Amino acid sequence: MIALSKAQARRFILLHQGLLGEHRFIGKDGAYAYVRQAGCIQFDPVDACGKNAELTLFSRVKGCTKKTLHELLYADRKLIDYMDKQLAIFPAEDWPYFARYRRKAIECGRQFEGLAALEEQAKAYMAEHGPVDSDTLPIEGEIEWHSAIHWSGNWHGKSNAARSVLEQLYSAGELVIHHKTGSRKTYDLARRHLPGALLDAPDPLPDEQDHITWRVLRRIGAVGLLWNRPSDAWLGIWGMDNEKRNTAFEQLTARGEIFPVQVEGVRGPLYCRECDRQTLEMAMSGEALKARCEAVAPLDPMMWDRKLIRALFGFEYSWEIYTPAEKRKYGYYVLPLVYGEGFAGRVEAVRDEKAGALRVRHVWLEDGVRGTKKLGAAVRSCMKRLAKFNGCKAIIFEEE
């Protein structure tokens, strides 16, 4: 078993994530390459200074703009919106692997009387008129509904009929998102945008355990190092329990697709993908690497297991967006700040549309991190890039 110091483990994760050293991911091709490495990136509609998926790419892809992700999704169709780790974006080439989720959505939809007729009405309308949203699809009224997109039936009640029909067809794979305007989704028939060979491909992993094992490997690749224990990094892997997770790790280790490493001060092994061994060796070499300051998205793949981040980096992070204002320690939409080989602090920045400016409300440095001129300049440079990313012509540091 390979033995790592915590410093080496931190270096590896940051190198793997493309947050340390020279940029590994550049332009649109780099953005696509990163999503393939991560398996998926999470989507969240909140837009304080960029949506979560946009910020995930901003922090590590040189030359990335908001248009980059939009084009990959809705022009090039190399990425697709669907469920993976919750609401997510993943490579369109992985579409066949999620066939079981679409089958479940269809099964859920059959519970609702009259839904099938509404689905046919919606598809016929789109075939003639093109993309629609819930306001432009001429289906009125409400229906009894649960949100099939979550495949759990845990929400049930009256819902707008047009929105429910579109969501059901999307969950079942008959529609794709044509584009988004803010948080509003416009849908179109999937066969207009994805090749039939992809849409009609059989499930490559019909066995549940095989599917879970594939998902576990993807999630290890998303973070870089992961342990075989309960973790938020596994969210959205349908049907996985402790036994099936253990089996997945056993299978992947036996096939040589992952290997264990022991990190000082961390109980039990962490696991790394074999295809990432060269990056691990670079992290262990002690080679001098360019320090960068990057603002990390709240739901960034690197942050998917916050207990692991605490164990390796000593950094505590809680996304306080749903915490009542009076109980927040920091703020509504706060981004961790990576600098060099660790976390320097966190920042709250908000796009002010009226002023055309990015307002940096507060920067908190971690205990023990000195506020040097070099660090201050790096943070300011990062915020200037974030302002440009958000189309802001000015930046306002409110603490100055």
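Nothing in this text is a laboratory measurement; each read-out follows from the coordinates by a stated rule. From a predicted model like this one, the values you see are computed outputs, not experimental measurements. So basically every Cβ, Gly included, is an ideal-geometry build from the backbone, and we count neighbours across all protein chains shown.
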Query - Residue list for the stretch 284-298, given a label point 7 angstrom along the Cα-to-Cβ vector of Ala377 and an amide N cut-off under 17 Å - result: 290-294
Query raised in the report: What is the local net charge at Arg11, summed over the other residues whose Cβ is closer than 10 Å to its Cβ (Lys, Arg +1; Asp, Glu -1)?
Result: 0
Report summary line: Among Lys104/Lys244; Lys244/Lys307; Lys67/Lys158; Lys28/Lys393, the pairs whose Cα-Cα distance exceeds 27 Å are Lys67/Lys158
Report task. Find which of Ile395, Leu375, Trp364 sits farthest along the positive direction of the dipole of the stretch 336-400, computed with +1 on the beta-carbon of Lys and Arg, -1 on that of Asp and Glu, about the Cα centre. Result -> Ile395
Report summary line: Footprinting proxy, Glu398, Glu128, Glu71: sorted fewest to most Cβ within 10 Å, the residues are Glu128, Glu398, Glu71
Query raised in the report: Placing +1 at every Lys and Arg Cβ and -1 at every Asp and Glu Cβ, with all other atoms neutral, what dipole size does the stretch 94-193 have around its Cα centre, in debye to the nearest 20?
Result: 420
**Report entry** Two-decimal Rg to Rh for the stretch 94-193 - Kirkwood Rh, Cα set
**Finding:** 0.94
**Report entry** Euclidean distance between Cα centres, the stretch 1-31 to the stretch 347-388, Å
**Finding:** 23
Query - For the chain, share of DSSP beta bridges that run antiparallel, in % to the nearest 5 - result: 85
Requested in this report: Could you calculate the contour length gain from Arg277 to Tyr125, that is, 0.36 nm times the residue separation minus the distance between their Cα atoms, to one decimal place in nm?
Outcome: 49.5 nm
Query raised in the report: Taking a ≥ b ≥ c as the square roots of the eigenvalues of the Cα gyration tensor of the chain, is the shape rounded (a/c under 1.5), prolate (a/b larger than b/c) or oblate?
Result: oblate
Report task. May I ask which residue of Leu226, Leu118, Leu137 lies farthest towards the positive end of the charge dipole of the stretch 109-242, with charges of +1 (Lys, Arg) and -1 (Asp, Glu) on Cβ and the Cα centre as origin? Result -> Leu226
Report task. In whole Å, largest first, what are the principal axis extents of the Cα atoms in the stretch 250-383? Result -> 57, 36, 29
Query - Charged-residue dipole, Cβ positions (Lys, Arg, Asp, Glu), the chain about Cα centre, Debye nearest 20 - result: 1580
Requested in this report: Please order Glu119, Glu54 by the number of other Cβ within 10 Å, starting at the fewest.
Outcome: Glu119, Glu54
Report summary line: Residue separation between Ala291 and Glu144 times 0.36 nm, minus their alpha-carbon distance, gives in nm 47.5 nm
Query raised in the report: Helix 27-38 sits at what angle to the longest principal axis of the chain, using alpha carbons and giving 0 to 90 degrees rounded to 10?
Result: 90
